[in-house]
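Peer 1: Quick one: the structure is below, and I'll ask about it shortly.
The values are calculated or read from the model by the stated rules, or taken from the named source; none is laboratory data. These numbers come from a predicted model, not from an experiment. Every residue, glycine among them, receives a Cβ derived from its backbone with ideal geometry; neighbour counts consider all protein chains shown. Surface accessibility is based on the protein's heavy atoms, side chains included, excluding ligands, DNA and RNA. Shrake-Rupley method; radii C 1.70, N 1.55, O 1.52, S 1.80 Å.
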Amino acid sequence: MTVQAPPVAGLSLRPYRPDDATAVADLLNRAAEADGAPWRASPAELANWLSRSNEHFDAARDASVAEADGTLVGYRDVEWIDTNDGQREFRLGGTVHPDWRRRGIGTWLLRDSEEHARRRVGELPPSDRPHLFGAWQADTAVGAVALMRREGYQPVRYFFDMVRRTMDDIVVPPLPDGLEIRPVSDDQLRQLWEADVEAFRDHWGGFDASDERYREWRNDPKFDPSLFVVAWDGDEIAGGVINEINETENRAFDRKRGWLASVFVRRPWRRRGLARAVVARSLVVLRDRGMTSAGLGVDADNPTGALRLYEHAGFEVEHRSTAYRKPME
């Protein structure tokens, strides 16, 4: 079924092309600024993110840009995941340039994304999992949140961006007995990736852990293994923190902030104080690189008690976002 476009002169939708990366990154950054969301991405980051091609997501198939007489006014994409709570979720993303809002473009893009997801259902092998639409929004994006609710989406999970506003008074606890911090060599990066993936299998949602997603991670412009803090038990990775510095965001907000992008501990090494130890060591690593604050993201209902851990380490909630779902008819 074709979704009716709003009455905007010259409005059209076409597949994303690699040479759109700069314009789409600018669109997403302008939208984030208008929505009070604290995230920014460079064209190189966006191009890498959209370079992945597999059954879950292929930008040429699953991402589109909206134009009005050749001017980029919106973007949307669709990815599907078999989640660890037994669903097949089609995750819908997108936004509208702030100058082009309140003309029905956002509703059109959302409904077109839903139709695209329905088409993908027919192209994929059958699954007996319940099918649903998923979306994620910053709580400050009031227009997008209102659209979600109006279109029948309900909040199902809450997430926090937390910040440690200074790098003062970092208390570094000892590592659990038998563990040591060692660098990760190039030939150990896949082992690190798989340890991180394994640790997050306990967490709500799920994500694409394919070879293509691994290559995307390796090719991210922010990828810097010298920032990683990894705890080893002999030849086994017990846990660690994948740290990064987002220079695009730091320039946009005139700050020096490092990110604890993924904090993980594998099951056999939990409840021994390892997470606290690697978080503290990550703060030292980022401080030594000149960062004056640190951030991380956390599921508000994280089953491992991460929220309390981060509060104990000096982090506080700065920004909130919400995951939404809607059953697919």
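Peer 1: Relative to the Cα centre, what is the charge dipole magnitude of region 208-326, using +1 at the beta carbon of each Lys and Arg, -1 at the beta carbon of each Asp and Glu, and rounding to the nearest 20 debye?
Peer 2: That gives region 208-326 a dipole magnitude of about 360 debye.
Peer 1: Quick one: net charge of residue 114's neighbours, Cβ under 12 Å, K/R +1, D/E -1?
Peer 2: Local net charge: +3.
Peer 1: Given 10 Å bins starting at zero, what is the percent of C-alpha pairs of the chain in each, up to the one with the largest pair distance?
Peer 2: 5, 24, 34, 24, 10, 2, 0
Peer 1: Could you pull out every residue, at least 5 positions away or on a different chain, whose amide H is within less than 5 Å of the one on residue 238? Hs are placed 1.01 Å off N in the peptide plane, and Pro or chain starts have none.
Peer 2: 231, 232, 233
Peer 1: Please report the Cα spread of region 250-295 along all three principal axes, rounded to whole Å, starting with the longest.
Peer 2: Principal extents (largest minus smallest coordinate, Cα): 41, 18, 10 Å.
Peer 1: Which whole-Hz couplings ³J(HN,Hα) result when phi for each residue of region 42-55 is put into the Karplus expression 6.51 cos²θ - 1.76 cosθ + 1.60, θ = phi - 60°, listed in order with x for Gly and Pro?
Peer 2: Result, rounded to whole Hz: 7, x, 5, 4, 5, 4, 5, 4, 8, 7, 5, 9, 7, 5.
Peer 1: For residue 74, enumerate residues with amide H under 5 Å from its amide H, sequence gap 5+ or separate chain, H modeled in the peptide plane.
Peer 2: The list, which skips near neighbours in sequence, is 66, 97.
Peer 1: Residue by residue, what Karplus-based ³J(HN,Hα) values in Hz, rounded to whole numbers, does region 324-329 have, using 6.51, -1.76 and 1.60 with θ = phi - 60° and x for Gly and Pro?
Peer 2: 10, 9, 8, x, 8, 4
Peer 1: Shifting gears a bit: How big is the convex hull of the Cα atoms of region 1-126, per residue, in Å³?
Peer 2: Hull volume over Cα atoms, normalised by residue count, gives 119 Å³.
Peer 1: Expressed as an acute angle from 0 to 90° and rounded to the nearest 10, what is the orientation of the C-alpha long axis of helix 105-123 relative to the principal long axis of the chain?
Peer 2: The angle comes out at about 80 degrees.
Peer 1: Sort 276-282, 250-256, 295-301 for me by packing, meaning the mean count of neighbouring Cβ atoms within 10 Å per residue, highest on top.
Peer 2: 276-282, 295-301, 250-256
Peer 1: Taking the square root of 5 times each eigenvalue of the Cα gyration tensor, what semi-axes in Å does the equivalent ellipsoid of region 97-169 have, largest first?
Peer 2: Its equivalent ellipsoid spans semi-axes of 30, 21, 11 Å.
Peer 1: Ok, one more. Quick one: if you stick a label point 7 Å off each Cα along the C-beta vector at residue 4 and residue 189, how many nm between them?
Peer 2: Roughly 5.1 nm, to one decimal.
Peer 1: Working from Cα positions, state the angle (0 to 90°, nearest 10) between the long axis of helix 274-288 and the longest principal axis of the chain.
Peer 2: Long axis of 274-288 versus the principal axis of the chain: about 80 degrees.
Peer 1: Another question, then. If you wrap a convex hull around the alpha carbons of region 182-252, what volume per residue comes out, as a whole number of Å³?
Peer 2: 110
Peer 1: Multiplying the sequence separation of residue 289 and residue 158 by 0.36 nm and subtracting their Cα-Cα distance, what value in nm do you get?
Peer 2: Separation in residues times 0.36 nm, less the Cα-Cα distance, equals 44.0 nm.
Peer 1: When the accessible area of region 14-104 is split by element with a 1.4 Å probe, what percent falls to carbon and sulfur?
Peer 2: 49
Peer 1: Heavy-atom accessible area per residue, the chain, 1.4 Å probe: how many Å²?
Peer 2: With the other protein chains kept in place, the chain gives 47 Å² per residue.
Peer 1: Tell me, what ³J(HN,Hα) does each residue in region 306-316 have, in order and in whole Hz, if you take phi through Karplus 6.51 cos²θ - 1.76 cosθ + 1.60 with θ = phi - 60° and put x for Gly and Pro?
Peer 2: Values, residue by residue: 4, 4, 5, 4, 5, 4, 5, 7, x, 8, 9 Hz.
Peer 1: From the square roots a ≥ b ≥ c of the eigenvalues of the alpha-carbon gyration tensor of region 170-325, which class results: rounded (a/c under 1.5), prolate (a/b over b/c), or oblate?
Peer 2: Rounded, since a/c falls under 1.5.
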